[in-house]
Amino acid sequence: MANITRYDPFGDVLDDLMKGFFVRPLTAEEGEPVRRMKIDVSEANGEFKVTAEIPGVKKEDISVDIDGDLVSISAETRGEKETKEGERVVHRERHFGKVSRAFRLGQEVDQAKSEAKYSDGVLQLVLPKKSAVAAKRLSIQ
């Protein structure tokens with residue numbers, strides 16, 4: 001017995017629109033899906049710990065900038081295009097480009113004591129809080 005499949009030219013498009021139209025952008029340049037860096041931030045013992053997923057990136061291509069309480073992480077993925085004579089690409093899903101993320105922590109970070117480690121596609125940052133300067137009372141003369 002043969003299976004009959006109904007053709008619906010707009011089914012997938014409408015499903016994608018309704019699932020996340022207001023939550024995330026649908027596509028980036030050239031029809032590629034938008035990649036977003038996923039991060040976790042926790043706070044304990046006077047420091048922030050940030051874990052960011054950046055798969056497929058070399059550690060030399062990752063940049064972390066700290067300006068007061070603003071942390072910016074950016075990474076660039078570079079793909080080598082290997083095509084052999086007589087070969088044609090039928091389908092490609094690997095992403096090449098730049099991804100970045102910036103966020104505020106609410107308290108300044110001590111840049112001199114900050115640490116970063118990248119392993120297996122996961123960036124881990126340890127960002128100690130800058131010690132607050134005690135308020136000084138001025139004497140009135």
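Of the residues that make up segment 34-54, is at least one farther than 20 Å from K113 by Cβ, β-branched (V, I, T), modelled with pLDDT of 55 or more and in contact with a strand residue (DSSP E or B) (Cβ under 9 Å, 6 or more places away or on another chain)?
Filtering segment 34-54 down to residues farther than 20 Å from K113 by Cβ leaves 34-40, 53-54.
Narrowing further to those that are β-branched (V, I, T): 34, 39, 54.
Keeping just the survivors that are modelled with pLDDT of 55 or more gives 39, 54.
Going one step further and asking which of them are in contact with a strand residue (DSSP E or B) (Cβ under 9 Å, 6 or more places away or on another chain), we end up with 39, 54.
Within segment 34-54, one or more residues are farther than 20 Å from K113 by Cβ, β-branched (V, I, T), modelled with pLDDT of 55 or more and in contact with a strand residue (DSSP E or B) (Cβ under 9 Å, 6 or more places away or on another chain).
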Among the residues of segment 95-119, how many are more than 15 Å from the chain's Cα centre (by Cα) and assigned to a loop (DSSP other than H, G, I, E, B)?
6
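Results for (1) surrounded by 12 or more Cβ atoms within 10 Å (Cβ to Cβ); (2) farther than 12 Å from G68 by Cα; (3) of a type in the set (D, E, K, R), shown as yes or no for each residue.
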{"residue": "F103", "(1), (2), (3)": "yes, no, no"}
{"residue": "K113", "(1), (2), (3)": "yes, yes, yes"}
{"residue": "Y118", "(1), (2), (3)": "yes, yes, no"}
{"residue": "V122", "(1), (2), (3)": "yes, yes, no"}
{"residue": "V126", "(1), (2), (3)": "yes, yes, no"}
{"residue": "K129", "(1), (2), (3)": "yes, no, yes"}
{"residue": "L138", "(1), (2), (3)": "no, yes, no"}
{"residue": "Q141", "(1), (2), (3)": "no, yes, no"}
Could you please tell me which pairs satisfy a Cβ distance under 7 Å, a separation of 6+ or placement on different chains, a first residue in segment 72-92 that is closer than 22 Å to I62 by Cβ and at pLDDT below 70, and a second residue that is among the hydrophobic types (A, V, I, L, M, F, W, C) and surrounded by 10 or more Cβ atoms within 10 Å (Cβ to Cβ)?
G79/F96
Those residues of segment 95-141 which are closer than 19 Å to V57 by Cβ and without any contact (Cβ under 8 Å) to a residue 24 or more places away in the chain amount to F96, E115, K117, S119, D120
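The values are calculated or read from the model by the stated rules, or taken from the named source; none is laboratory data. Quick caveat: nothing in here was measured; it's all calculated off a predicted structure. Positions of Cβ are generated from backbone atoms using ideal geometry, with glycine treated the same way; all protein chains shown enter the neighbour counts.
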